[in-house]
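Everything below concerns the one structure shown next.
The values are calculated or read from the model by the stated rules, or taken from the named source; none is laboratory data. All values reported here derive from a predicted model rather than from experimental measurement. As a convention, Cβ positions derive from the backbone with ideal geometry for all residues, glycine included, and neighbour counts pool all protein chains shown. Keep in mind that these areas ignore ligands, DNA and RNA; they rest on the heavy atoms of the full protein, side chains included. Shrake-Rupley method; radii C 1.70, N 1.55, O 1.52, S 1.80 Å.
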Amino acid sequence: MKVALVNPFWTYEHSIYFGCRQPHLPLELGYSKAMLEADGHDVLMLDGQLQALDNAALAEQVASFAPDMTVVTTAPTYLFWRCAPPELRVPGEFLNHLAGRGGRTVAVGPHGSATPAPTLRKLGVDVVVRGECEEVVAELARQSDWSKVAHTASLQGDGLACNGGVHVSPFVDHLALTWPSDWIAAHGHHHHRFDTVQKGAGAEVEASRGCPYNCSFCAKIDFRDAYRRRKHDAIVAEIDGLIAQGVGYIYFIDEIFLPQKALLEALVDRDVQFGVQTRIDLWKPELLELLGAAGCVSIEAGLESLTVEGRAMLAKRCRLDTEDLAALLIDARRNVPFVQANLIGVVEDDPALVDYWRKHLIDHGVWANEPVPLYPYPSSPSYRELWGEPDDLAWERAHEHYLASFRSFSDIQDQRPHALAELESSCCNH
Ligand code: SF4
């Protein structure tokens with residue numbers, strides 16, 4: 001079978017999207033491609049950003065390949081499934097250009113995982129995959145009767161037919177991925193890196209998936225939820241392949257990069273630097289030293305709130321008080337050139353106290369951003385606390401709530417974000 005896998009050409013005008021806008025490796029498509037090829041399928045994988053192809057050009061390439069099945073992701077790579085653009089404008093635009101020339105169509109991503117019916121209606125695809133997608137995509141290519149494929153949903157008349165719940169990939173046995181050399185050459189971006197000397201191309205790698213915590217704002221209930229650690233040899237083989245292709249910096253997309261002595265020791269001997277997101281309360285001073293020696297140049301630590309009450313409100317389940325956390329962050333900064341304490345706007349936080357701790361951290365070389373507001377994504381506990389299980393209007397509801405709650409947005413967000421229906425009006429069937 002011929003299968004096209006597409007990361008569309010992302011644009012963000014008037015979006016509330018607050019993730020990074022640079023290109024990143026579409027790991028979900030990379031794993032899917034490896035599994036499809038192992039089954040003998042012929043795969044065309046395209047990435048709008050890395051190949052500088054807009055959605056019309058992507059659609060033309062897919063149409064010339066004449067696949068039996070086309071898969072499109074609704075988030076700009078696995079790195080951003082937990083904070084995807086709420087609107088389906090971009091995958092919708094790609095599918096409109098494709099205009100039925102890609103065989104049967106499949107959407108993967110956070111939208112179809114949490115809210116399959118509106119995703120199917122808005123995009124007009126044959127099937128959505130619910131949850132992590134790689135094994136399900138491979139299974140769709142094996143079966144001609146898609147009603148038998150678990151973790152998928154389709155529309156039957158006006159109604160939704162769901163075959164099972166969300167998929168959790170076993171993940172631990174994922175083999176080393178390889179990427180086209182021209183993609184790596186086009187990946188100059190070093191994600192979340194702010195120190196000065198940047199050498200070589202950038203790349204993203206996944207050493208673990210999921211997280212054992214359940215912070216209230218974290219949109220991972222339907223994917224990337226349970227913590228799994230990938231086998232060491234595959235991770236190291238993937239990294240060695242990337243280094244041989246000219247990569248000088250790797251960003252581990254892990255929800256929570258936990259201390260892994262064997263991996264850190266393997267990295268000490270390799271000519272590559274890296275960045276991570278983690279929880280600082282899970283690190284000890286000696287492991288922070290090893291993290292720095294291994295080549296870590298960027299830590300994004302999800303402190304979220306600068307008060308015990310604020311962290312409790314966000315369900316961080318953090319055992320340390322603010323003073324201990326600040327000391328650990330400052331200790332991390334002694335070993336790693338860029339350390340960020342990620343802050344979220346919490347009403348429980350006294351602004352004067354937030355200012356005090358932000359200044360204290362910044363004075364010691366740790367970057368602490370201005371607190372950013374929360375978006376109650378349908379796959380987050382906070383959405384479900386507010387409104388229960390997501391229904392067909394979940395994204396519209398979350399979006400309206402967010403726009404009504406905050407007058408100013410973060411530096412990287414569009415300052416005039418639009419309502420969801422407006423964002424999707426040109427390319428999604430409402
Ligand atoms: S620690 Fe991070 S990844 Fe884990 S639930 Fe909290 S915000 Fe999400």
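Would you mind finding the one in Arg130, Arg228, Arg224 that is touching a helix residue (DSSP H, G or I) at 6+ places or on another chain (Cβ under 9 Å) and within 16 Å of the ligand (Cβ to nearest atom)?
Numbers: Arg130 fails: within 16 Å of the ligand (Cβ to nearest atom); Arg228 fails: touching a helix residue (DSSP H, G or I) at 6+ places or on another chain (Cβ under 9 Å).
The unique qualifying residue is Arg224.
The number of residues in the stretch 120-177 being crowded, with 16+ Cβ neighbours inside 10 Å, under 17 Å from Lys2 (Cα atoms) and hydroxyl-bearing (Ser, Thr, Tyr) comes to 0.
Of the listed requirements (1) buried (at least 24 other Cβ atoms within 10 Å of the Cβ); (2) on the phi < 0 side of the Ramachandran plot, Phe18 misses just one: (1).
Kindly indicate whether Ser64 is under 17 Å from the mean Cα position of the chain (by Cα) and among the small types (Gly, Ala, Ser).
Numbers: under 17 Å from the mean Cα position of the chain (by Cα): no; among the small types (Gly, Ala, Ser): yes.
Against the criterion (under 17 Å from the mean Cα position of the chain (by Cα) and among the small types (Gly, Ala, Ser)), Ser64 does not qualify.
Considering each residue of the stretch 289-338, count those that are among the hydrophobic types (A, V, I, L, M, F, W, C), at pLDDT 85 or above and in a loop (DSSP other than H, G, I, E, B), and give that number. Qualifying residue count for the region: 3.
Residues in the stretch 188-221 that are farther than 20 Å from Leu29 by Cα, open to solvent by less than 40 Å² (accessible area, probe 1.4 Å) and within 13 Å of the ligand (Cβ to nearest atom): Cys211, Tyr213, Cys215, Ser216, Phe217, Cys218, Ala219.
Take the conditions of a type outside the set (A, V, I, L, M, F, W, C), within 16 Å of the ligand (Cβ to nearest atom) and under 16 Å from Gly295 (Cβ atoms) and apply them to Thr278. Does it pass?
On the way: of a type outside the set (A, V, I, L, M, F, W, C): yes; within 16 Å of the ligand (Cβ to nearest atom): yes; under 16 Å from Gly295 (Cβ atoms): yes.
It is true that Thr278 is of a type outside the set (A, V, I, L, M, F, W, C), within 16 Å of the ligand (Cβ to nearest atom) and under 16 Å from Gly295 (Cβ atoms).
Taking the criterion of being open to solvent by less than 10 Å² (accessible area, probe 1.4 Å) and of a type outside the set (Gly, Ala, Ser), the residues of the stretch 51-66 that qualify are Asn55, Leu58, Val62. Those strands (runs of 3 or more DSSP E) of the stretch 35-124 in which at least 1 residues are farther than 21 Å from Trp146 by Cα and in contact with a Lys or Arg (Cβ under 8 Å, 6 or more places away or on another chain), considering only elements entirely within it, cover 42-47. For the stretch 244-272, which residues satisfy the criterion of being open to solvent by 50 Å² or more (accessible area, probe 1.4 Å) and touching a residue at least 12 places away in the same chain (Cβ under 8 Å)? Residues satisfying the conditions are Gln245, Lys261, Ala262, Glu265, Val268, Arg270, Asp271.
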